[in-house]
Amino acid sequence: MRIVFMGTPEYGVPSLKAILSAGHEVIGVFTQPDKPKGRGNKVEFSPVKQCAVEHGIPVFQPKRIRVDGVEDLRALAPDLCVTAAFGQILSEEVLGIPRFGTVNVHASLLPKYRGSSPINWCIMQGEKVTGVTTMMTDKGIDTGDILMSRAVDILPEETAGELTVRMADVGAELLAETLAKLEKGTCPRVPQDHTQMSYFPMLKKELGALNWQKSAEALANCVRGLSPWPGAYFTLQGEIIKVWSVAAVAGDADKTPGTVLCAGPKEGFVVQCAEGTLCIKEIQAPGGKRMDARDYLRGHPLTTKELESAGNING
RNA sequence: CGCGGGGUAGAGCAGUUUGGUAGCUCGUCGGGCUCAUAACCCGGAGGUCGAGGGUUCAAGUCCCUCCCCCGCAA
């Protein structure tokens, strides 16, 4: 088939490669425009664009595909469009261009976890299992008919970043199978059970503020689910401390949530939560690099006063 | 040339403003004390202060160049 692929971050790359190695003709790749990125504001290609360039595939980078990408897409006259974390919403006009429609590789078991960051939200909600779903895109957000899906276990300590890498591969496999079945005309297609749906919004920085009024368990999920981006954090002595890894410990110390129970190179860094206590393992101070919380405390000792007053440490 | 923080002992930091023989916490090694310890006491090793050049009687500290790390914004 003549396929147009749309995707942007790392997550989409395995899917693009899967389409290619399945022998399909990828006649164009749409990806987000190049933007100055990172330190020094250097312009960098998106991972998907990089892959496309390596394979000599024409790249299109409209600011808004439904406005200034329509003509390019129409000119390509694709049989099918495939999207995987493209980052733009397709209009009905765009969806109407490919003969056989548009297939999306979504990183959740639909109709649960619709939205742009399903992997993060699954972990934050404490899910043990998630999955990938291939679906026909329609005008709603992740509301189209389901083609195929495959479950993926969420490992106990797994971060969103790590899980994303695995999901991208599973998604690529599932996509290959879906395309094969579509070609043969044997692909299942069932509408979503909209009564079972859930939708989660885009990630915001503020989501990472650790709220000690929650349980240690919930906070641990939050840290995992927001790693590596946007990251969880709390403030200490006026500085934002990014939290990379923690461990929820059962048992209460009968203190106000937010109280630092201990903080030292030997004792470790433990904070009282609404339920249970949270051992803070890896942190990162402004301008510094990621390090063991105990290493940080060697150079930044907390006074007894700070140790005993709740509220000195908060989101 | 987007904004900013930083590179000092194995680890984390102070010291740089007001140049003058390098310090703290921890680890490590040796010894001691204790039923015991994330405990305590005594002693020791370990640093070309990111690199190069300059100013000076004297540079971690002042000036110039370069390399590397990190955060924000996007």
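For this structure, a couple of remarks:
- Which listed residue is surrounded by 14 or more Cβ atoms within 10 Å (Cβ to Cβ) and touching a Phe, Trp or Tyr at 6+ places or on another chain (Cβ under 6 Å), from A:Lys281, A:Lys242: A:Lys242
- Note on the range A:192-234: residues that are basic (Lys, Arg), more than 21 Å from A:Glu162 (Cβ to Cβ) and away from RNA strand B (no atom under 16 Å from the Cβ) amount to 1.
- Subset of the range A:88-137 (residues that are farther than 22 Å from A:Thr8 by Cβ and in contact with a helix residue (DSSP H, G or I) (Cβ under 8 Å, 6 or more places away or on another chain)): A:Phe100, A:Pro111, A:Lys112, A:Met124, A:Gln125, A:Gly126
Conditions (1) β-branched (Val, Ile, Thr); (2) under 16 Å from A:Thr102 (Cβ atoms); (3) out of contact with any Leu (no Cβ under 6 Å at 6 or more places or on another chain), marked per residue:
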position: A:Phe5; (1), (2), (3): no, yes, no
position: A:Ser15; (1), (2), (3): no, yes, no
position: A:Phe45; (1), (2), (3): no, no, yes
position: A:His55; (1), (2), (3): no, no, yes
position: A:Val67; (1), (2), (3): yes, no, yes
position: A:Leu76; (1), (2), (3): no, yes, yes
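- Here A:Gly126 meets the list (1) farther than 23 Å from A:Phe5 by Cα; (2) part of a helix (DSSP H, G or I); (3) small (Gly, Ala, Ser) almost entirely, failing just condition (2).
- Hits in the range A:277-302 - residues which are farther than 15 Å from A:Thr235 by Cβ, in contact (Cβ under 8 Å) with a residue 40 or more places away in the chain and more than 10 Å from RNA strand B (Cβ to nearest atom): A:Thr277, A:Leu278
- When the range A:227-239 is filtered for residues that are in a strand (DSSP E or B) and crowded, with 18+ Cβ neighbours inside 10 Å, the ones remaining, listed by number, are A:Ala232, A:Tyr233, A:Phe234, A:Leu236.
- Applying the set (1) within 16 Å of RNA strand B (Cβ to nearest atom); (2) β-branched (Val, Ile, Thr); (3) over 26 Å from A:Gly131 (Cα atoms) to A:Val94 leaves exactly one unmet item: (1).
- Answer residue from the range A:255-276, given it is part of a strand (DSSP E or B) and either within 10 Å of RNA strand B (Cβ to nearest atom) or not aliphatic (A, V, I, L, M) (or both) and is surrounded by the fewest Cβ atoms within 10 Å (Cβ to Cβ) among those: A:Gly264
- Those strands (runs of 3 or more DSSP E) of the range A:1-70 in which 1 or more residues are surrounded by 15 or more Cβ atoms within 10 Å (Cβ to Cβ) and charged (D, E, K, R) occupy A:2-7.
- Here A:Pro62 fulfils each of the conditions (1) touching an Asp or Glu at 6+ places or on another chain (Cβ under 6 Å); (2) at pLDDT below 95 apart from (2).
- Options A:Gln125, A:Gln88: the member that is at pLDDT 95 or above, within 16 Å of RNA strand B (Cβ to nearest atom) and under 29 Å from A:His194 (Cβ atoms): A:Gln88
The values are calculated or read from the model by the stated rules, or taken from the named source; none is laboratory data. Everything numeric in this text was worked out from a predicted model, so none of it was measured. Cβ: placed from backbone, ideal geometry, glycine included. Neighbour counts: every protein chain shown.
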